[in-house]
Amino acid sequence: MINKKMVDKVLSDNYSRISDVVKYKYGSDPKEVKNKSVQVHKLLNRAPKSKSYYTEIHCLKDLSSYLKKVCKKDYSYLYFLSENTFIPIIGENIKGEIRITEDRLVTNFDCGFDLVNHECISELNIHGYKVIKIFKKRSTVDQDSLHKECFCKSDNKYYCGVLKPNADNTYKLLDMSGVVIFDNKKVEWSAKIKHIIIQ
């Protein structure tokens, strides 16, 4: 079933309503908007085992598409289902270097059940909001993480930044504003930041 509280929260956080999603996906014809809005509201408030040709998956894919294209927020449609997976917040990002949390103090984050084998880190953004950055557990340098924000391990320490390869099989890591975190270091593994969630 759809996690209605999660849908309402994400739409509210992005200054949007269900009608905005419907108009984005199906156009602005008043009759079509009203008809589809009623279907969506029935899905969000439906009783278990009731049936509809416009399914929860259709609804959530429309929502995910709207958030990605219009709000520039990347949410998997599975994030809005009520069957969620808790993943560990393994550390905190402080100026690119990750302060790893002791095992006994690790807390979990309810992320969406499609993100098994993932972990996350937390940081504060420039506005003082807590940000959760989710990445997949890796054992090698993920080529998809080059030139994109990633989580990486080098010299038995953990970092978060934009990874760039050097000519001598070493790497440079920059923060999002271009400041060098490290240079000419071997990197044991890296993983692209896949999801960013502001709390």
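The values are calculated or read from the model by the stated rules, or taken from the named source; none is laboratory data. Here the structure is a predicted model, which means the values were calculated and not measured. As a convention, Cβ positions derive from the backbone with ideal geometry for all residues, glycine included, and neighbour counts pool all protein chains shown.
Quick notes on this one:
For every residue, the table says whether it meets (1) assigned by TED's automatic domain parsing to the domain that holds D175; (2) over 26 Å from K185 (Cβ atoms); (3) surrounded by fewer than 17 Cβ atoms within 10 Å (Cβ to Cβ); (4) under 13 Å from the mean Cα position of the chain (by Cα).
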site	(1), (2), (3), (4)
I98	yes, no, no, no
E102	yes, no, yes, no
F109	yes, yes, no, yes
C120	yes, no, no, yes
H127	yes, yes, yes, no
D144	yes, no, yes, no
H147	yes, no, yes, no
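- Subset of region 153-173 [farther than 20 Å from R138 by Cα and touching a strand residue (DSSP E or B) at 6+ places or on another chain (Cβ under 8 Å)]: N166, D168
- Of the criteria (1) surrounded by 19 or more Cβ atoms within 10 Å (Cβ to Cβ); (2) in a strand (DSSP E or B), which one I196 fails: (1)
- Scan of region 1-48 for residues that are touching a Pro at 6+ places or on another chain (Cβ under 7 Å) and either without any contact (Cβ under 8 Å) to a residue 12 or more places away in the chain or closer than 22 Å to Q199 by Cα (or both), ordered by number: none
- Residue ID - nearest to Y158 (Cα to Cα), chosen from residues in region 78-96 that are modelled with pLDDT of 85 or more and either among the polar types (S, T, N, Q) or exposed (fewer than 12 other Cβ atoms within 10 Å of the Cβ) (or both): N93
- Restricting region 113-150 to residues that are among the basic types (K, R) and in a strand (DSSP E or B), the residue that is nearest to T170 (Cα to Cα): K136
- Restricting attention to region 174-199, the residues that are charged (D, E, K, R) and closer than 20 Å to K136 by Cβ add up to 3.
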